[in-house]
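> Questions regarding the structure given below will be posed in turn.
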Amino acid sequence: MPTRSEALEALLSEIRSEFPRFRIVPKRGDRLSRVIDLALRVLTLGQMREYMTHYHTVVFDTLYVPDGWERTSPERMMVVLRHERVHLRQRRRYGTLWMAFLYAVPILPLGLALGRARIEWEAYAETIRATADLLGEEEARSASLRAHVVRQFTSASYGWMWPFPSTVNRWYDDVLETFRGEDRSGTGEPQQGKA
Ligand SMILES: [Zn+2]
């Protein structure tokens, strides 16, 4: 069994071999991040205040990380990296311009942003799976993770991209449903049957 930090290094080198220009930059002290932070505050009328302190953001091949990244546990870092790897792959799939358009424009920039919601649904499904793999299925099924994820869709965090908690909760159930009998470990090891 690799140690926690070996597992983190292995994931990082996997990502770098898939995306050679991948790098991690702290948001604090980064000019682009300050501009985005300000724009989000304006667009959400001051409600999105945690861009610099709580959110991880991929722009091109760079992952911008909030305060405290270096103090994050390897498991939580890996959960974030797996979410962000989905976005890196989406950009490769859609192309930079189309990805930016999907993310930023339809249907409206704020509220009911279907393009952004679809992109994040795919990435948060990976967050839930990675949480189950790295922190345990109980954590993935916990009310606190569910509440956190649902809030990302329904609150100002992503500009109220899908403000219907019931739809988001149903999607969350569907993701959990895929756990049944599925090998999520990615290591080829069979999953221990858990009740
Ligand atoms: Zn995301």
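> Restricting to Cα pairs below 8 Å that are 6+ residues apart, what does the relative contact order work out to for the chain? Please round to a whole percent. Before the final figure, lay out the partial values.
Details: 208 pairs, mean separation 31.2, N = 195.
That works out to 16 percent.
> Near the amide H of Val25, under 5 Å away, which other amide H atoms are found, from residues 5 or more places off or on another chain, if H is placed in the peptide plane?
Amide H to amide H, under 5 Å and 5 or more residues apart or across chains, Val25 pairs with Leu63, Tyr64, Val65.
> Could I ask something else about it? If you place +1 on the Cβ of every Lys and Arg, -1 on the Cβ of every Asp and Glu, and leave all else neutral, what size is the dipole of the stretch 58-145 about its Cα centre, to the nearest 20 Debye? Numbers along the way, then the final one.
Details: 12 positive and 12 negative charges, 90 e Å.
It works out to roughly 440 debye.
> Can you give the accessible area of Val168, probe radius 1.4 Å, in Å² rounded to 10?
Spelled out: Val168, probe radius 1.4 Å, area about 0 Å².
> How large is the accessible surface per residue of the stretch 106-178, computed with a 1.4 Å probe and reported in Å² as a whole number? All intermediate terms of the calculation are to be shown ahead of the outcome.
Details: 3210 Å² over 73 residues.
That works out to 44 Å² for each residue.
> Quick one: order Ser142, Ser166 from most to least accessible surface, probe 1.4 Å.
The ordering from most to least exposed comes out as Ser166, Ser142.
> Out of Pro20, Pro74, Pro66, any idea which swings most in a Gaussian network model of the chain, alpha carbons joined below 10 Å?
Pro20
> Out of Val86, Ala7, Pro74, whose Cα points farthest toward the positive end of the dipole of the chain (charges: +1 Lys, Arg; -1 Asp, Glu; placed on Cβ)?
Toward the positive end, the furthest listed residue is Val86.
> Could you give the radius of gyration (one decimal) and Dmax (whole number) of the Cα atoms in the chain, in Å?
Calculated on Cα positions, Rg and Dmax stand at 16.8, 49 Å.
> Given a Förster distance of 22 angstrom, what is the FRET efficiency for Ser144 paired with Glu14, based on the Cβ-Cβ distance and rounded to 0.05?
Details: r = 29 Å, r/R0 = 1.30.
The calculated FRET efficiency here is 0.15.
> Please build a GNM for the chain, connecting alpha carbons under 10 Å apart, and tell me which residue among Ala113, Ala156, Ala147 fluctuates the most.
Looking only at Ala113, Ala156, Ala147, the largest GNM fluctuation is found for Ala147.
> Assigning unit charges at the beta carbon (Lys, Arg +1; Asp, Glu -1) and nothing else, what dipole magnitude in debye, to the nearest 20, does the chain show about its Cα centre? Present the calculation step by step, with values, prior to reporting the outcome.
Details: 28 positive and 25 negative charges, 153 e Å.
Value, rounded to 20: 740 debye.
> Can you give me the % of accessible surface on the chain that is carbon or sulfur? Probe 1.4 Å, all protein chains present, nothing else counted. Walk me through the intermediate numbers first.
Values: 6410 of 11140 Å².
Ligands and nucleic acids excluded, carbon and sulfur reach 58 percent.
The values are calculated or read from the model by the stated rules, or taken from the named source; none is laboratory data. Because the structure is a prediction, the values reported are computed rather than measured. Using ideal geometry, Cβ is built from the backbone for each residue, glycine included, and neighbour counts are taken over all protein chains shown. Accessible surface areas use protein heavy atoms only, side chains included; no ligands, DNA or RNA. Shrake-Rupley method; radii C 1.70, N 1.55, O 1.52, S 1.80 Å.
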